[in-house]
Amino acid sequence: MGSSGQSGGFDLSFKILLIGDSGVGKSSLLVSFISSSAEDLAPTIGVDFKIKLLTVGGKRLKLTIWDTAGQEKFRTLTSSYYRNVQGIILVYDVTRKETFANLSNVWAKEVELYSTSQNCVKMLVGNKVDKDSEKAVSSEEGIALAKELGCLFLECSAKTRENVEQCFEKLALKD
Ligand SMILES: Nc1nc2c(ncn2[C@@H]2O[C@H](COP(=O)(O)OP(=O)(O)O)[C@@H](O)[C@H]2O)c(=O)[nH]1
Ligand SMILES: [Mg+2]
């Protein structure tokens, strides 16, 4: 973890990854967080990473957040994607049960295999809570899986921006 203390710089630097099935809203979460607006939610716009500077609890944080460019469809994220990572956000779609199941069946296993950092903080995020009537994964199920995987837990909506900032801030604060 980098630490620079110069004025105009930042105190702590974090590399954060977004992972999870295609279509759960990883890119939307990133865009929603970076742009502070919920407009223009388009399906995967293959970004590599975005940088956000923010101050939390008096500390200036530099977050470098990596998004997949759609290659998660083919399950071909490589070990290099996980290198030197301090935070991992595992995203599922609360309206699609299989995206939740795949977090334990696929993604958590990959994290286990590739993420070598000792104190990497993980966060389980259920996205699309704005689609309340279509909710297929209960908050209790989310909380239980988070506990099992040793993750923090939040439900959010990239569309309404509910809890979006908290996802990233909570992760950065934990480290
Ligand atoms: N209703 C709703 N739709 C969302 C939300 N987040 C993403 N979407 C939509 O879900 C689709 C997939 O989003 P995308 O960010 O491309 O998912 P990714 O493949 O995980 O990067 C897009 O059509 C988004 O507009 C959300 O919080 N609520
Ligand atoms: Mg995407």
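Separation between the Lys131 and Asn119 pseudo-spin-labels, each 7 Å from Cα along Cα→Cβ, expressed in nm?
3.8 nm
For Ser22 paired with Ile34, estimate the spin-label separation in nm (one decimal), with each label point 7 Å from Cα along the Cα-to-Cβ line.
Label-label distance for Ser22 and Ile34, simple model: 2.1 nm.
In 5 Å bins starting at zero, report the fraction of Cα pairs in region 103-175 per bin as a rounded %.
The distribution over region 103-175 is 3, 14, 23, 24, 21, 10, 3, 1, given as percents.
Enumerate the lysines that Lys97 could reach by cross-link, defined here as Cα to Cα under 23 Å, with residues fewer than 8 away along the same chain left out.
In chain and number order, the partners are Lys26, Lys73, Lys109, Lys122, Lys128, Lys131, Lys135, Lys147, Lys159.
Within 10 Å, count the other beta carbons around each residue, average over each peptide in 118-126, 27-35, 52-60, and list them highest first. Please report the intermediate quantities before stating the final value.
Details: 118-126: 20.2, 27-35: 21.8, 52-60: 12.4.
Ranked by mean Cβ neighbours within 10 Å, highest first: 27-35, 118-126, 52-60.
So for the pair Lys174, Ser104, with labels modelled 7 Å out along Cα→Cβ, what separation do we get in nm?
Between Lys174 and Ser104, the simple spin-label model gives 1.8 nm.
Quick one: which residues, 5 or more positions from Val56 or on another chain, have an amide H under 5 Å from its amide H? H modelled 1.01 Å from N in the peptide plane, none for Pro or chain starts.
Sorted by chain and number, the residues that satisfy this are Leu61.
Here, each number is a calculation from the coordinates, and none is a lab measurement. Computed from a prediction, not measured in an experiment: that's the story for all the values here. Cβ: placed from backbone, ideal geometry, glycine included. Neighbour counts: every protein chain shown.
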